[in-house]
Amino acid sequence: MEPVIWVEVLARNDEVVARTRCVGTFITIGRGYDNDVIIDDPHVAPHHLRIERDAVGGLTAIDLGTKGGFFLGGRGRRQNRAHIDGTQPLTIGDTHLRIRPSDFPVPPELAIMDGKVGWLQIGVLLGVLFAYVALGSWLEDTKPFKFIHYGGFVFSITLLLAIWVGGWSLLSRIFAGSAKFLRHLRIAVILTFATSFLSLATGYISFETAAPVIEKYAYIADWSIIGFFCFLHMRVMGPTRLKFKAAIAGALALLAVGAHTMFMFGMEQNQSQYDYSAQLKPALLRLASPEPEQAFWIGVEELKPKLDKARKTPPSGD
């Protein structure tokens, strides 16, 4: 039996849009009708590529003297001859190909998740999330209990989840052909839980150690987590080009951190304030020793000359 070579034409998201079965020790790919695989691409030569089997059964791609050549794994260095292992896409013109022998190993099948089971898991995660957020709000609440206060939290989280998951599902539908709503919803719920836990943890640690700088710059960790979960969303859309997707998620996180830092800097310029913890906590949780009363009065004495000088200095007219 003659060996079989499979040639797959890929979309931009690396999903297979066409698959051709070729028989023989070598095949040719190009725009001409005498090729084994015909590519309808004006940037592909009439006879562009030859795929050969070597002595051990491997595949080698050979450029047939074209102007554009071919590329492996994207738009890197142009190739004229290269070994192909079936994992990296091969590009000729504007067409992405994947070439594999018939004995190329494929992963085992994925289990089909029952829709009821999936929604049950999401329901449990949402219940834990709402209970956790309500508990955190109750621990920090200094006002009389009002159900509408906690109901507002639940409504806000639900609305944000709906917008976030709806956006990612729409992108999945456009670029991957499937919304994958449950998977995006699961990631979004875990993301919300992670950021809520981080906010609560940094607040308590900042209070316990009398180091408000921890809470002040916790947004860096927040945006880093959001960037990581954006990468997970993109991975759900398609498990290919992961380095590129990770770079996009990292760049978005860095951009968000930079914008947040500039916003905070502008606020500090307009509001000359000392750093302080934004959330009150039980005094028993404080690990740092309280400042002695004598140090407080020393600070007051040091402040008096500055206040006297400020009173005597006429204000600058604008």
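The values are calculated or read from the model by the stated rules, or taken from the named source; none is laboratory data. Values in this document were obtained by computation on a predicted structure and should not be read as measured data. Neighbour counts are summed over all protein chains in view; Cβ atoms, including those assigned to glycine, are modelled from backbone coordinates with ideal geometry. Keep in mind that these areas ignore ligands, DNA and RNA; they rest on the heavy atoms of the full protein, side chains included. Shrake-Rupley method; radii C 1.70, N 1.55, O 1.52, S 1.80 Å.
Details
- Failed item in (1) modelled with pLDDT of 75 or more; (2) open to solvent by less than 90 Å² (accessible area, probe 1.4 Å); (3) under 22 Å from Ile214 (Cβ atoms), with Gly299 passing the rest: (3)
- Arg100 being closer than 26 Å to Lys245 by Cβ and either at pLDDT below 90 or in contact with a helix residue (DSSP H, G or I) (Cβ under 8 Å, 6 or more places away or on another chain) (or both): no
- Residues in region 258-275 that are modelled with pLDDT of 80 or more and either of a type in the set (S, T, N, Q) or under 15 Å from Glu215 (Cα atoms) (or both): 3 in all.
- Of all residues in region 45-78 being over 17 Å from Cys22 (Cβ atoms) and among the small types (Gly, Ala, Ser), the one that is least open to solvent (accessible area, probe 1.4 Å): Gly69
- When Ala179 is tested against (1) in a helix (DSSP H, G or I); (2) more than 26 Å from Ala134 (Cβ to Cβ), exactly one condition is not met: (1).
- There is at least one residue in region 18-41 that is within 28 Å of Lys243 (Cα to Cα), touching a strand residue (DSSP E or B) at 6+ places or on another chain (Cβ under 7 Å) and open to solvent by 20 Å² or more (accessible area, probe 1.4 Å).
- Residues of region 221-243 that turn out to be touching a residue at least 40 places away in the same chain (Cβ under 8 Å) and farther than 17 Å from Val165 by Cβ, as a count: 3
- Qualifying residues in region 172-194 (those that are of a type in the set (S, T, N, Q) and over 19 Å from Val124 (Cβ atoms)) - the one modelled with the lowest pLDDT: Ser178
- Residues satisfying the criterion are present in region 238-248 (criterion: assigned to a loop (DSSP other than H, G, I, E, B) and open to solvent by 50 Å² or more (accessible area, probe 1.4 Å)).
- Residue within region 213-229 that is among the polar types (S, T, N, Q) and closer than 24 Å to Leu126 by Cα present: yes
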